[in-house]
Amino acid sequence: MNIIQQVLKMQWSDYLDILVVAFLIYKLLPLLRTPHIMRLARTVIALVAISWITNVAKLYTINWILNQFLAVGLLAFVVLFQPELRRMLDHLGNVKITRFFSMSRPVQEMDAVITQTVRACEAMSREKVGALIVFARDQRLEEYFKTGTSIDAQVSDQLIRNIFFKNSPLHDGAMIIRDGRIAAAGCVLPLSTNENLAPELGTRHRAGVGMSEATDAVVVIVSEENGSISVASGGMLKRKLTVATLDKLLRQELRTAQPEETGGNFPAQVLKKLSGKAKEDGSYGKK
């Protein structure tokens, strides 16, 4: 009854407040879903849960140790997870306002980018030319741009192949495709420390996996040794892909629907659902 009374007392400003908070959560959570940040969140949740369990079970010694740790937890949190926190803040600081309030690149534009990339990878795989192509998504990857050469060119299979040609000065680094354009090349990526990776994987593959662990990017790797094609996303590596599988996988990961196809941004989706529900209630009343 108390909850119902509180709801009845709510004013329009309270509803607006709830809507804004819901919108921020709706937009921020996908931006923070990288492996490092999720690992950090799981650690915090685990500590709080263990502290609660030890308190209920009356394990006073363990509970006291945890409480002492949590008392200085903020400082320890900053020290232990400094790289993750820095990446998270850099991530939020580099997200475009237009991407925060609206949808991504149109489907047709990304289709052309994917088609050109797949063609280039098919040729490089056949010729055994090594390549490392990073597709930026919500994260802007500014810190990795500084390690390479800015390009800002339209994506084409010929340009991609020229950049990764063995005698090219940029062929050893990674190419970053952002906002549907080749933004930089010759970039240095972080290497993965995952001990479960196959021992035969070289630096190029470990850099691709490391980039997908540190950011939300999708990374395409072409092996220089055997020409095999791999894709890294979310810290996971999918190896020995066919050209058709590569095309399908990139379209699943990178294509985004038009605003009118998805109902627009969050407020528009909420209003659409509410109006739809109102119509259903009205039609039911007529029956």
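The values are calculated or read from the model by the stated rules, or taken from the named source; none is laboratory data. Quick caveat, the model's predicted, so the values are computed rather than measured. In this analysis, Cβ positions are derived from the backbone assuming ideal geometry, glycine residues included, and neighbour counts consider all displayed protein chains. Note: accessible area is taken over every heavy atom of the protein model, side chains too, but ligands, DNA and RNA are not part of it. Shrake-Rupley method; radii C 1.70, N 1.55, O 1.52, S 1.80 Å.
When Leu254, Leu201 are checked against the criterion of being under 14 Å from the mean Cα position of the chain (by Cα) and open to solvent by less than 30 Å² (accessible area, probe 1.4 Å), Leu254 stands alone in meeting it.
Might you check whether a residue that is basic (Lys, Arg), over 24 Å from Thr245 (Cα atoms) and either out of contact with any strand residue (DSSP E or B) (no Cβ under 7 Å at 6 or more places or on another chain) or in a loop (DSSP other than H, G, I, E, B) (or both) occurs anywhere in segment 120-141? Taking every residue of segment 120-141 in turn, at least one turns out to be basic (Lys, Arg), over 24 Å from Thr245 (Cα atoms) and either out of contact with any strand residue (DSSP E or B) (no Cβ under 7 Å at 6 or more places or on another chain) or in a loop (DSSP other than H, G, I, E, B) (or both). Regarding segment 209-218, can at least one residue be identified that is modelled with pLDDT under 90, in a helix (DSSP H, G or I), closer than 18 Å to Ala136 by Cα and open to solvent by less than 40 Å² (accessible area, probe 1.4 Å)? Yes, segment 209-218 has at least one match.
Please enumerate the residues belonging to segment 156-172 that are open to solvent by 70 Å² or more (accessible area, probe 1.4 Å) and either of a type in the set (Phe, Trp, Tyr) or part of a loop (DSSP other than H, G, I, E, B) (or both).
Start the filter on segment 156-172 by keeping residues that are open to solvent by 70 Å² or more (accessible area, probe 1.4 Å), which leaves 158, 162, 165-167, 169, 172.
The answer is Phe165, Lys166, Asn167, Pro169, Asp172.
Taken over segment 198-215, the residue count meeting the criterion of being of a type in the set (A, V, I, L, M, F, W, C) and within 14 Å of Ser233 (Cα to Cα) is 4.
For segment 142-155, which positions are touching a residue at least 12 places away in the same chain (Cβ under 8 Å) and open to solvent by 40 Å² or more (accessible area, probe 1.4 Å)?
Correct list: Glu142, Glu143, Thr147, Thr149, Ser150, Ile151, Asp152, Gln154.
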